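Visitor: First the structure, then my questions, so here it is.
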Amino acid sequence: MYYVGVDIAKNSHVASIMDNHGVVHLEALKFENNHVGFSRFLDSISKFPKEELIIGLESTAHYGEVFTQFIFNLGFKVAIVNPLQTSAIRKAGIRKTKNDKIDSLVISRSLILNGWNPLEKRDITTLTLRGLAKARRNLISQRTRSKIQLTAYVDQLFPELASFFKGNLHIKTVYKLLLKHTTAKEVSSLHLTKLSSLLVKSSKGHFTKETARSLKELAKNSVGIDNPMLALQARMAIEQIIFFTAQIEQIEKESEILVNSLDSVLLSIPGISINSLAAIIGVIGNFQRFSSPRKLNAYAGLDAVVYESGQFKARSTRMSKRGNSLLRQHLVLAAHNIVKNNETFKAYYDSKRDQGKTHYNALGHCATKLLRIMYKLECDQVTFNL
């Protein structure tokens, strides 16, 4: 077998080839991250039998995904190498050296020493899910910032408005109102019939003419400032929120299609959302690449920090949070929903609360339990039956 180690970078990659006996057949071939560069790489490996080639690369950021899918679609065996494994091999050397040439050879050695699992079509789907989950989290973060900005603007333009809508400015009715009539002065000058029509239509009858009358009176006595530039910023913030929301919904639809196409046994877990499942499957990928649920737990950062020194041993510990934050976030969210939908998890949550654990601490324990169950379901391909 011939092991092709590819060190991935943003603009260019470096490849080396080593056989079973550690003999280097190609050393530090640099090629660009474009069609010409990929063609050069293919030419350099064309003299080796395709069925005897294993192409490995580290699990890095998004830079390697284009190359991975390009090679996979051509029918080559592709394996993802854990960076911790390559780091251990690199540290085993006498001299601490790190460069593209060395790294590509280290990846080849890692394939030989640690074994490999070839990517399958399902793995490519999970890579896509991971990208979508990251994009969704970024969009939600941006939308949250816009919501905070809008609240600050409204606190100056119409400070009484939030209390009028019971502390929730971020509803369709308020957005419709503020996009057309942003300041308290504008709202107070509206004809009652027009204001009533806007509220009734946008809320589908939830708000009535009486609501409009009360809002108009509130606006007349408002201490808000009449600032056109501030009003413009408020409208822009609302437009951003609406834009981000539409993009989030689009990502969620695509994620749902991909999750359903995998026909995962994890779909049998009651109460788990498609969004959480998409992130969990996307980040973990193949559950069997972890030799035990304990290692998967550490990967998620749900493992406890150990405090021991001499005779001292801490009575309580905290979650390490040193793993993948996206995975940990969605495991906790999923655990929260499952506690509401499953008696076994509800009893487990209650038992932790009875021990004096806080709400979030108890949810962390439930997330750990959920991850162990997920590992069992995926590895044995059985459905949830608790």
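Throughout, read-outs are computed from the coordinates displayed, never taken from laboratory work. Because the structure is predicted, anything quoted here is derived from the model rather than measured. Glycine also receives a Cβ, built like all others from the backbone with ideal geometry; neighbour counts cover every protein chain displayed.
Visitor: Taking every DSSP beta bridge with both residues inside the chain, roughly what % is antiparallel (nearest 5)?
Guide: Working: 16 of 26 bridges.
In the chain, approximately 60 percent of DSSP beta bridges are antiparallel ones.
Visitor: If you scale each eigenvalue of the Cα gyration tensor by 5 and take the root, what three semi-axes come out for segment 138-249, rounded to whole angstrom and sorted largest first?
Guide: Working: eigenvalues 105, 55, 25 Å².
With the √(5λ) rule applied to segment 138-249, the semi-axes are 23, 17, 11 Å.
Visitor: Mind listing the phi-derived Karplus ³J(HN,Hα) values for segment 339-354, rounded to whole Hz, using 6.51, -1.76 and 1.60 with θ = phi - 60°, and x for any glycine or proline?
Guide: Residue by residue, segment 339-354 yields 4, 6, 10, 9, 5, 4, 5, 5, 5, 5, 4, 4, 5, 5, 5, 5 Hz.
Visitor: Per residue, what volume in Å³ does the Cα convex hull of segment 264-380 take up? Working shown, then result.
Guide: On the way: hull volume 12.7 nm³, N = 117.
Looking at segment 264-380, the number lands at 108 Å³ per residue.
Visitor: Ranked highest first by the average count of other Cβ atoms within 10 Å around their residues, in what order do 256-264, 332-340 fall? The partial results should precede the final answer.
Guide: On the way: 256-264: 14.3, 332-340: 20.0.
Put in order of decreasing packing, that is 332-340, 256-264.
Visitor: State, as an integer percentage, the relative contact order of the chain based on alpha-carbon contacts under 8 Å between residues 6 or more apart. Write down the numbers at each step before the final one.
Guide: Numbers: 515 pairs, mean separation 50.0, N = 386.
Result for the chain is 13 percent.
Visitor: Moving on to the next point. What percentages, rounded to whole numbers, describe P(r) for segment 2-119 computed over all alpha carbon pairs with 5 Å bin width beginning at zero?
Guide: 2, 12, 24, 28, 21, 9, 3, 0
Visitor: If you don't mind, there's one more thing I want to ask. For segment 67-216, what number results from the quotient of the Cα radius of gyration and 2.2 N^0.38 Å? Present the calculation step by step, with values, prior to reporting the outcome.
Guide: On the way: Rg = 28.9 Å, N = 150, 2.2 N^0.38 = 14.8 Å.
Scaled against compact globular proteins, the figure is 1.96.
Visitor: Using only Cα atoms, what Kirkwood radius does the chain have, in angstroms? Kindly include the intermediate steps, with their values, before the conclusion.
Guide: Values: mean 1/r = 0.0398 Å⁻¹.
It is 25.1 Å.
Visitor: How do 43, 155, 380 rank when sorted from fewest to most other Cβ atoms within 10 Å of their own Cβ? Could the numbers behind the result be given before it?
Guide: Details: 43 11, 155 14, 380 8.
Least to most surrounded, the residues fall as 380, 43, 155.
Visitor: Looking at the chain as a GNM with Cα springs under 10 Å, which of 167, 364, 301 has the largest mean-square fluctuation?
Guide: In the Gaussian network model the winner is 167.
Visitor: Follow-up question, since we're still on this one. Are there trypsin sites (Lys or Arg not before Pro) in segment 153-198 that DSSP puts in a loop and that have at most 11 other Cβ atoms within 10 Å, and which ones?
Guide: Numbers: sites: 166, 172, 176, 180, 185, 194; in loops: 166.
Here the sparse-neighbourhood loop sites are 166.
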